[in-house]
Amino acid sequence: MLPDPLMTPSSELVRPLADGSGATKARAATPDVFGNIFIGIAGMIGAGKSTLAKELGDHLGIDTYYEPVADNEYLADFYRDTARYSFAMQVYLLNRRFQQHQEIIWRGRSAVQDRTIYEDSIFAKMLAKTGLMDDRDYKTYVQLFRNMSNFMCKPSVIVFLDVSPESSADRIRSRSRDVESKIELGYLQALYDGYQEFIESISKVIPVIRIDYERFATAGEMAEVIKREYLDASFLRRVTAFDPAR
């Protein structure tokens, strides 16, 4: 059985990020009802994470951190020859997300993050399962993740945008990114299965709000459900379903 990188103790970290993937700008303090909150947005490729992160950050008046995509020098090579670049890609992303995660903690302000460092484990595990990353590289990745996670404070809550592989494929096509043009439905189905395992695992250590995101929710709707569930003591350490129309 492949080891699970998520089963790792964590502790506090302090170190700033000095590149361009940090907060978009300084914002006003988050509403007092939340206190100091770190919201992670999780979901499939094309689920709508970046859009929601921006809208939620603006709505709550908190820092917003985006996934490092535009300057990812491995991305095109990874999609062109996945087996060759799988390990390099995962280590690159792990390093960038670790830097970003540290900046969020170091700044000590409320923030929303487009894809957390924990989600990278889904992609690495899937690559190993399908033979696109060899066992030696995967074990090295897991050890590296666990060593780094010893220095990470966890997000306050993860908001999981649950969309089907078919919806993910449709949204990928609609945004027309060249590097994503070869992503097949079979890959997205495997990724979807990986996300289901991930949510089951991560919800044991970080509170999760699971949202049926076949229909996009507004920032106002999302803020209200996060407030409601975050303040609900019974919400801790369980997966919570949410219907935006409720």
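Things to note:
- Selection count where residues are modelled with pLDDT of 90 or more, of a type outside the set (Phe, Trp, Tyr) and part of a helix (DSSP H, G or I), scope region 192-230: 8
- Options Leu127, Leu161; residue that is out of contact with any strand residue (DSSP E or B) (no Cβ under 8 Å at 6 or more places or on another chain) and either in contact (Cβ under 8 Å) with a residue 40 or more places away in the chain or closer than 30 Å to Ala217 by Cα (or both): Leu127
- Subset of region 126-139 (residues that are within 21 Å of the chain's Cα centre (by Cα) and over 19 Å from Gln189 (Cβ atoms)): Tyr138
- Meets criteria (within 27 Å of Gln100 (Cβ to Cβ) and not hydroxyl-bearing (Ser, Thr, Tyr)) for Asp178: yes
- When Asn150 is tested against (1) surrounded by 15 or more Cβ atoms within 10 Å (Cβ to Cβ); (2) in contact with a Pro (Cβ under 8 Å, 6 or more places away or on another chain), just one condition goes unmet, and that condition is (1).
- Qualifying residue in region 143-160 (condition: within 23 Å of Glu229 (Cβ to Cβ) and of a type in the set (Ser, Thr, Tyr)): yes
The values are calculated or read from the model by the stated rules, or taken from the named source; none is laboratory data. In this text the structure is predicted, and so the values were computed from the model without any measurement. When we count neighbours, we look across all protein chains shown, and the Cβ atoms used for this are built from the backbone with ideal geometry, even at glycine.
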